[in-house]
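Working notes for the structure below.
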Amino acid sequence: MKLIWTIALQELRMQFDSLMAYILLILFLGFSGIFTWLYGSDIFIYGQASLQVFFSIAYITLFLLIPALTMKSIAEEVRTGTIEMLMTKPITCWQIVTGKYLAIILLIIIALALTLPYYISVSSLGNIDHGAVICGYIGLILMSSAYVGIGLFASSLTNNQIISFLLAFLISIFFHIIFNIVGHQFGGILGQLAIGLSMDTHFESIARGVIDSKDIIYFASLTFAGIFLAEKSIESKIA
């Protein structure tokens, strides 16, 4: 575990050594802040202390930004041959992928932590449902975890960052949009299966303030599947 955290902290440091992390942080905070305070918010119009708009915007923004965070995680290592050098050391593919996963999750948690002033400001304006806010943040972290897993898998399939981004985005679209549309268009087993696979279904459940084990299992399964497939993909490249 110590080795995984060493990799994670090194990857996180590398993220901040580049402009990409700062650009993505600015974009996330900018979009979420503008829409939370200026558009579609009931905070000033109706005097309702709620962060529902923020969570809705953050949900979409993270979906768009996470593929950019993961696109070079493994693809760049494969392109430069660094991954083969790493494998000459007493380290496994699982540790490499898990370390990279933790680094990106930590970066996302930092981004969400920087939005806590929104929560503090809104709560000072009226009675806010603190439980719903906490669940909303948990939901965003779990959703991000699943998309990071998908992004790492996509990054492990190619040595081209752009292709990695497009693959991650395409796969994520199915969970973010397509399954939801199919679920509402079709009935029966197909519709129920699609609804069950839809990210919206599980995120909205948690965002309402209800943390169900099936939602936790859903996000954990997607995360684990992404990390596992990324590990196997790397192993196949260096075999």
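The values are calculated or read from the model by the stated rules, or taken from the named source; none is laboratory data. Values in this document were obtained by computation on a predicted structure and should not be read as measured data. For neighbour counting, all protein chains shown are included, and Cβ atoms are generated from backbone atoms with ideal geometry for every residue, glycine included. For the accessible areas, the whole protein counts, side chains as well, though only heavy atoms, and no ligand, DNA or RNA atoms are used. Shrake-Rupley method; radii C 1.70, N 1.55, O 1.52, S 1.80 Å.
Taken together, 120, 128 contain a single residue that is open to solvent by 10 Å² or more (accessible area, probe 1.4 Å), part of a loop (DSSP other than H, G, I, E, B), modelled with pLDDT under 90 and of a type in the set (A, V, I, L, M, F, W, C), which is 128. Filtering the range 151-205 to residues that are surrounded by 17 or more Cβ atoms within 10 Å (Cβ to Cβ) and outside any helix (DSSP H, G or I) leaves 157, 158, 159, 160, 198.
Report yes if residue 141 is over 24 Å from residue 102 (Cα atoms), under 17 Å from the mean Cα position of the chain (by Cα) and free of Cβ contacts under 8 Å to residues at least 60 places away in the same chain, otherwise no. No, not satisfied. Of everything listed in (1) farther than 18 Å from residue 70 by Cα; (2) under 14 Å from the mean Cα position of the chain (by Cα), the single unmet condition for residue 149 is (1).
Condition check ((1) in contact with a Ser or Thr (Cβ under 9 Å, 6 or more places away or on another chain); (2) farther than 18 Å from residue 198 by Cβ) across all residues:
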position: 138; (1), (2): no, yes
position: 141; (1), (2): no, yes
position: 151; (1), (2): yes, yes
position: 154; (1), (2): yes, yes
position: 167; (1), (2): yes, yes
position: 178; (1), (2): yes, no
position: 186; (1), (2): no, no
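Go through the range 209-220 residue by residue and tally those that are open to solvent by less than 60 Å² (accessible area, probe 1.4 Å) and part of a helix (DSSP H, G or I). Going through the range 209-220 one residue at a time, the tally reaches 4.
Taking the range 69-105 as the range and being under 20 Å from residue 25 (Cβ atoms), over 11 Å from the mean Cα position of the chain (by Cα) and open to solvent by less than 20 Å² (accessible area, probe 1.4 Å) as the test, the residues that pass are 73, 100, 103.
Just to be sure before I move on: is residue 115 buried (at least 16 other Cβ atoms within 10 Å of the Cβ) and either within 18 Å of residue 24 (Cα to Cα) or in contact with a Pro (Cβ under 8 Å, 6 or more places away or on another chain) (or both) in the structure I sent? Steps first, answer last, please.
Numbers: buried (at least 16 other Cβ atoms within 10 Å of the Cβ): yes; either within 18 Å of residue 24 (Cα to Cα) or in contact with a Pro (Cβ under 8 Å, 6 or more places away or on another chain) (or both): yes.
Yes: the conditions hold for residue 115.
If the condition is being in contact (Cβ under 8 Å) with a residue 24 or more places away in the chain and surrounded by 14 or more Cβ atoms within 10 Å (Cβ to Cβ), then the range 221-230 contributes 222, 223, 225, 226, 227, 229, 230. The set of residues from the range 17-36 being of a type outside the set (Ser, Thr, Tyr) and either assigned to a loop (DSSP other than H, G, I, E, B) or in contact (Cβ under 8 Å) with a residue 12 or more places away in the chain (or both) comprises 20, 21, 24, 25, 27, 28, 29, 31, 33, 35.
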